[in-house]
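The values are calculated or read from the model by the stated rules, or taken from the named source; none is laboratory data. Here the structure is a predicted model, which is why all the values come from computation and not from measurement. Reconstructed Cβ throughout: ideal geometry from the backbone, glycine too, with neighbour counts over all protein chains shown.
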Protein chains: 2
Amino acid sequence: MAKELVFGHQSPDTDAIVAAKAYAYLQSKLGYDVEAVALGEPNMETNFVLNYFNEPTPRIIKTAANEVDSVMLVDHNEPQQSVSDIADVTVTHVVDHHRINGFNTAAPLYYRAEPVGCVSTLITELFDENKVEIPAQLAGLMLSAIISDTLLLKSPTTTDKDRAAIKALAEIADIDYETYGIEMLKAGTNLASKTDAE
Amino acid sequence: MAKELVFGHQSPDTDAIVAAKAYAYLQSKLGYDVEAVALGEPNMETNFVLNYFNEPTPRIIKTAANEVDSVMLVDHNEPQQSVSDIADVTVTHVVDHHRINGFNTAAPLYYRAEPVGCVSTLITELFDENKVEIPAQLAGLMLSAIISDTLLLKSPTTTDKDRAAIKALAEIADIDYETYGIEMLKAGTNLASKTDAE
Ligand SMILES: [Mn+2]
Ligand SMILES: [Mn+2]
Ligand SMILES: [Mn+2]
Ligand SMILES: [Mn+2]
């Protein structure tokens, strides 16, 4: 099976970075040859998360067609949010939680979307369905994405599935997600790193 | 929860009719208020199937917005294959096995597609995931849809999932799907009902 790249949207948030890593891990367990990459530098919050869980920053790509024929999208579907040469590759899989807009394919594909607060919630379900265990470190990353997208389960987009996923992931990661979550959200608005002018 | 209509594409084939019935049954078990309808008269093959399993013909609609605000699509997503006033209703769920083309939404939705031979195969999986039992009569209808879409597992679009689903459904329906399948496919090209001119 030819290698595929897995990535989230441009100007990545924590969910875009983490969901790519989580989905790539799952798909590799299911036999796909995949690499999670990113379409831009992680933001401050995501850097805190990657550092906290001792996870490397993903490789950043500007184009995909120079490396692969096929890609898997997470946390987005709209072409203008995707890799610049998205029209030149085949999208074989999408896992998302946004509206569908301007996304067209030439062939049938795997498309999985639900109106949940975070796509890492949906990926948590996919691990369960496929009976693949989530490693503790990955569970920590995935619960960080849910904290980020739902503002610690406070945003109006939060669903019961997000609440269930964060609890299950916190147990696997062995972490107090509320204490950690406040620390993480603070890191995303890190006043200390700003200059006086800001 | 407000009532929603569930339907397949215009000029319905057996999968379009049956998948609407199967998905409506599953969603009703999951608490939705739904009615399976059709966008046109069943063809000869589908009439044979409905008659064989003593299942009523679905109600045929020309428009949806006069009845409901929201709909669920099966076996299609392209607006031009859908109900004439699809732009005037909200699509909350799609279960499909075709390419995505021209399908845009204003809000996040539930979208489930896989490149399998028949959408009734995917719906068989959804029953399993949701731990809802498939009644014997419905299993008979669903295996008929798989026989129709895959030409009795002979079409190049047939996947291992279609083969697994048809076997599971045949067991539930207690039917020899190969013998039945040949009879069913013959009924779809019923020479006896044609005039000499044809
Ligand atoms: Mn995002
Ligand atoms: Mn997200
Ligand atoms: Mn069809
Ligand atoms: Mn079909």
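Things to note:
- Selection status of A:I175, under 16 Å from A:K21 (Cα atoms), away from ligand 2 (no atom under 16 Å from the Cβ) and surrounded by 13 or more Cβ atoms within 10 Å (Cβ to Cβ): no
- If the condition is being within 13 Å of ligand 2 (Cβ to nearest atom) and surrounded by fewer than 22 Cβ atoms within 10 Å (Cβ to Cβ), then the range A:79-112 contributes A:Q81, A:H98, A:R99.
- Yes/no for A:N43 being more than 16 Å from ligand 1 (Cβ to nearest atom), within 24 Å of A:I147 (Cα to Cα), surrounded by fewer than 22 Cβ atoms within 10 Å (Cβ to Cβ) and away from chain B (no Cβ under 14 Å): no
- Filter result (over 15 Å from A:D75 (Cβ atoms) and free of Cβ contacts under 8 Å to residues at least 40 places away in the same chain) within the range A:97-133: A:G102, A:N104, A:T105, A:A106, A:A107, A:P108, A:L109, A:Y110, A:D128, A:E129, A:K131, A:E133
- Candidates A:A36, A:A16, A:A64 - the one that is more than 16 Å from ligand 2 (Cβ to nearest atom) and small (G, A, S): A:A64
- Test: residue in the range A:39-61 that is out of contact with any His (no Cβ under 8 Å at 6 or more places or on another chain), more than 30 Å from A:I175 (Cα to Cα) and among the hydrophobic types (A, V, I, L, M, F, W, C): yes
- Close pairs from the range A:27-45: first farther than 28 Å from A:D128 by Cα and among the charged types (D, E, K, R), partner in a strand (DSSP E or B) and modelled with pLDDT of 95 or more, Cβ under 9 Å, at least 6 apart: A:E41/A:I60
- No other residue among A:A87, A:A20 is outside any loop (DSSP other than H, G, I, E, B), out of contact with any helix residue (DSSP H, G or I) (no Cβ under 9 Å at 6 or more places or on another chain) and more than 14 Å from chain B (Cβ to nearest Cβ) apart from A:A20.
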